[in-house]
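Have a look at the structure below before the remarks.
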Amino acid sequence: MPQSELFALEQALPEGFEYRPDFITAEEEADLVAEIGQLPLRKAQYKEFTAKRRIVSYGGTYDFSSNELLPAGPIPLFLRGLRERISVWAAVPAQEFTHALIAEYQTGTQLGWHRDVPEFEVVCGVSLAGAARMKLRRYPYRKGSRAQTLAVTLEPRSAYILRGEARWRWQHNIPPTRNLRYSITFRSRRRIEATA
Ligand SMILES: O=C(O)CCC(=O)C(=O)O
């Protein structure tokens, strides 16, 4: 993507959304996809709804029935280098990204409108294998305010950051994918300051 197009895209998107094409190389992407092929992905469960999206979580797994973060295994070695690069770009120490989620979107898989759960602060995603659209709309959403819905194409090997306004004042979704795609998202744990 030419610099001018990237600049125009970032101008249009909410504060706190950053996008970087070609964040990883095709070789790194192939290695990550091969690692993901070995993982025990399972259909995500949202209360009584079983999604088509298959996932595996590290550093914590969110239970949407009890609304709590439950323990999960540590972030595996093969994700550590990527987490380090994300941390440099986001200017957030790598060890603060305590959570990683790998998601598989078979063709036709979608993810509904949401903001990420409040246990997390900064959300960074890397896209693999195929492109997807990500739509963003202001939260709370007012019916009929279509002008406030934006969309960005998440190219394979690209990365995005969601924080600040984009993370807290906007929702995002992934409409049904047109191809197989994987995403790796890293989330930093939100610090709840104790008040005296
Ligand atoms: O697939 C993506 O990049 C979006 C992931 C996402 O929004 C989520 O897991 O909450």
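The values are calculated or read from the model by the stated rules, or taken from the named source; none is laboratory data. As the structure is a computational prediction, the values presented were derived from the model and not from experiment. We place every Cβ from the backbone using ideal geometry, glycine too, and count neighbours over all the protein chains shown. Protein only, heavy atoms only, side chains kept; ligands, DNA and RNA dropped before computing areas. Shrake-Rupley method; radii C 1.70, N 1.55, O 1.52, S 1.80 Å.
Could you please tell me which pairs satisfy a Cβ distance under 7 Å, a separation of 6+ or placement on different chains, a first residue in segment 130-141 that is touching a residue at least 12 places away in the same chain (Cβ under 8 Å) and farther than 24 Å from R157 by Cα, and a second residue that is of a type in the set (K, R) and within 11 Å of the ligand (Cβ to nearest atom)? Listed by first residue and then by second, the contacts come to Y139/R115. Within segment 97-116, take every residue that is more than 9 Å from the ligand (Cβ to nearest atom) and in a strand (DSSP E or B) and give me the one that is surrounded by the fewest Cβ atoms within 10 Å (Cβ to Cβ). Only one residue tops the list, namely G112.
So which residues in segment 7-37 are open to solvent by less than 20 Å² (accessible area, probe 1.4 Å) and on the phi > 0 side of the Ramachandran plot, if there are any at all? Hit for segment 7-37 is G16, nothing else.
If only residues of segment 38-52 that are outside any strand (DSSP E or B) and farther than 20 Å from R83 by Cβ are counted, the one that is least open to solvent (accessible area, probe 1.4 Å) is P40. Of the residues examined, T177 is one that is within 10 Å of the ligand (Cβ to nearest atom) and either over 12 Å from the mean Cα position of the chain (by Cα) or surrounded by fewer than 18 Cβ atoms within 10 Å (Cβ to Cβ) (or both).
Of the residues making up segment 59-82, those that are at pLDDT 95 or above and crowded, with 18+ Cβ neighbours inside 10 Å number 4.
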